[in-house]
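The values are calculated or read from the model by the stated rules, or taken from the named source; none is laboratory data. Remember, predicted model here, so these are calculated numbers, not experimental data. Note that each Cβ is placed from the backbone with ideal geometry, even for glycine, and that neighbours are counted across all protein chains shown.
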Amino acid sequence: MAAKRFTSGQLREFAKLMGGLFKSLEFNIEDVQNVLTSKEFWAGVKTLVVGVKSPALATGLVPTDWTVVEDVVASQFDVASLRPRAFLKAGESGIAGDEMRRRAVSMGANLGLADGQRILAEQDKLSAEFRGFYIPLAGTVLCDSDGLRRVACLRWHGDRWVLRFSWLGCDWRGGARFACRE
């Protein structure tokens, strides 16, 4: 598989973050040059990036050629206490994926893939009210082998809940409900 390349926007964002860090540490230009040319610095960056273990990676549910872009710490909740909550506002037929994710945070429903694994393991406790909808796990963002950003969703499939992945670039419509703690 070919190595992923940074987009120019990603490189600009990385440079802004690094610049802010160096400024907060009161580094001068010579200090910055010394750090950026240091093998130790880049070895440390590699360790941090490659060595990061997100809750989603720990689940073993991430396809092998995908990467975890963002993840949340697993939540503490009783699966039986979860209730479906619509995230569309009156008059909306759909919203963009990034807006859906913002609403998950504001509504206290920012569950990730590790939370989804727990729900799957205890799905007999999940309210039957959810069965007409799918449940986005907006706290974990993955990048598939084609470079598309995705989130995991739980869907009712006949007699059980299953895991699927949905594209963040699509409109998120009324067929989804957040799993909220009551």
Subset of segment 141-159 that is free of Cβ contacts under 8 Å to residues at least 40 places away in the same chain and either surrounded by fewer than 15 Cβ atoms within 10 Å (Cβ to Cβ) or of a type in the set (Val, Ile, Thr) (or both) - its residue that is farthest from Ser127 (Cα to Cα)
Asp146
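Yes/no per residue for (1) modelled with pLDDT under 95; (2) surrounded by 12 or more Cβ atoms within 10 Å (Cβ to Cβ):
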| residue | (1), (2) |
| --- | --- |
| Gly51 | yes, no |
| Val72 | yes, yes |
| Glu99 | no, yes |
| Arg103 | no, yes |
Quick check: is even one residue across segment 119-129 hydrophobic (A, V, I, L, M, F, W, C), buried (at least 17 other Cβ atoms within 10 Å of the Cβ) and not in a helix (DSSP H, G or I)?
yes
Might you let me know whether segment 172-181 holds any residue that is hydrophobic (A, V, I, L, M, F, W, C), surrounded by 12 or more Cβ atoms within 10 Å (Cβ to Cβ) and within 14 Å of the chain's Cα centre (by Cα)?
no
